[in-house]
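Accompanying notes for the structure given below.
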Amino acid sequence: MAVTNGYCTVAQLREHFGDGSSLLTTALLERAINATSRAIDRFCGRRFWVDPAVQAKVFRCDDGYEADVDDIATTTGLLIATDTTGDGTYATTWASTDYQLEPLNADTDATAHAWWRIVAVDRYTFPIHAYRTTLRVTAKFGWSVVPDEVEEACVLRAASIFKRKEATFGVAGFGEFGVVRIGRQDPDVMELLHRFIKIGVGAV
């Protein structure tokens, strides 16, 4: 099982264990990284890998002037459209001058690599409809760079998950890890991930 959208590498996990001779089974390390990376996604309520191609997502708006959306990794390919009539067609396409992405400077700030709020500018507002989604965002969602804290949290938790099976050098293999959770039993991991948790999300 190769690492898929993982937040650390097998090499980093080997280094953490001092496994310079590559004695630990690669497949087991990969499983630990994959399980931990998805646990981080659930814990934070967001993901830190980027879509390989643009995706279209729709959102319900409850404020005419700003809309919280899924994390946007890049402005390349970004399209914003609204449904002003409530017929589900998203016929109004916004120019880049019609909105502002926040947090500001997310593309240059070394500690933030995604935008998750769209603010309407000038005459534009987000349509509000009681039952329909009125905003469609086409973008590559996720984070453009995995934050250092997320990477380190992945190393620490993946190492813990790996050791839970009492794996030793030269181990032949074992079954799936099952559901991996992050909670108060992982204070260092929680501290590293704390500022990345979306409001109202996070295991206890």
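The values are calculated or read from the model by the stated rules, or taken from the named source; none is laboratory data. Owing to the predicted nature of the structure, the values given are computational and were not obtained by experimental measurement. When we count neighbours, we look across all protein chains shown, and the Cβ atoms used for this are built from the backbone with ideal geometry, even at glycine. Quick note on the areas: whole protein, heavy atoms, side chains included, nothing else; ligands and nucleic acids left out. Shrake-Rupley method; radii C 1.70, N 1.55, O 1.52, S 1.80 Å.
Six or more apart or on different chains, Cβ under 7 Å: which pairs go from a residue in region 150-169 that's farther than 15 Å from R42 by Cα to one that's buried (at least 16 other Cβ atoms within 10 Å of the Cβ) and modelled with pLDDT under 75? Could you list them?
Listed pairs, sorted by first residue: I161/F177; I161/V180.
Counting only residues that are under 21 Å from the mean Cα position of the chain (by Cα), open to solvent by 40 Å² or more (accessible area, probe 1.4 Å) and not charged (D, E, K, R), which one in region 104-141 is farthest from D63 (Cα to Cα)?
Filtering first and then ranking leaves A110.
Which condition breaks for A32 when tested against (1) closer than 17 Å to K163 by Cα; (2) small (G, A, S); (3) within 16 Å of the chain's Cα centre (by Cα)?
A32 satisfies every listed condition except (3).
What number of residues in region 19-33 are surrounded by fewer than 20 Cβ atoms within 10 Å (Cβ to Cβ) and either polar (S, T, N, Q) or modelled with pLDDT of 95 or more (or both)?
5
List, please: which pairs have Cβ atoms under 7 Å, are six or more places apart or on different chains, and start with a residue in region 20-44 that is without any contact (Cβ under 8 Å) to a residue 24 or more places away in the chain and end with one that is assigned to a loop (DSSP other than H, G, I, E, B) and open to solvent by 30 Å² or more (accessible area, probe 1.4 Å)?
D41/R47
Quickly run through region 12-51 and pick out the residues that are within 29 Å of R117 (Cα to Cα) and outside any helix (DSSP H, G or I).
Residues satisfying the conditions are G45, R46, R47, F48, W49, V50, D51.
Within region 52-75, which residues are assigned to a loop (DSSP other than H, G, I, E, B) and either under 18 Å from the mean Cα position of the chain (by Cα) or surrounded by 14 or more Cβ atoms within 10 Å (Cβ to Cβ) (or both)?
Filtering region 52-75 down to residues assigned to a loop (DSSP other than H, G, I, E, B) leaves 52-54, 60-65, 73-75.
Residues satisfying the conditions are P52, A53, V54, R60, C61, A73, T74, T75.
Based on what the data block shows, is T97 out of contact with any Ser or Thr (no Cβ under 8 Å at 6 or more places or on another chain), outside any loop (DSSP other than H, G, I, E, B) and open to solvent by 40 Å² or more (accessible area, probe 1.4 Å)?
On the way: out of contact with any Ser or Thr (no Cβ under 8 Å at 6 or more places or on another chain): yes; outside any loop (DSSP other than H, G, I, E, B): yes; open to solvent by 40 Å² or more (accessible area, probe 1.4 Å): yes.
Spelling it out, T97 is indeed out of contact with any Ser or Thr (no Cβ under 8 Å at 6 or more places or on another chain), outside any loop (DSSP other than H, G, I, E, B) and open to solvent by 40 Å² or more (accessible area, probe 1.4 Å).
Given (1) touching a Gly at 6+ places or on another chain (Cβ under 8 Å); (2) more than 14 Å from V58 (Cα to Cα), where does V145 come up short, assuming only one miss?
(1)
Going through A106, A81 one at a time, which residue ends up being in a strand (DSSP E or B) and touching a strand residue (DSSP E or B) at 6+ places or on another chain (Cβ under 7 Å)? It would help to see each step written out before you state the result.
On the way: A106 fails: in a strand (DSSP E or B).
The unique qualifying residue is A81.
Tell me which residues, restricted to region 115-131, are at pLDDT 95 or above and among the small types (G, A, S).
Correct list: A120 only.
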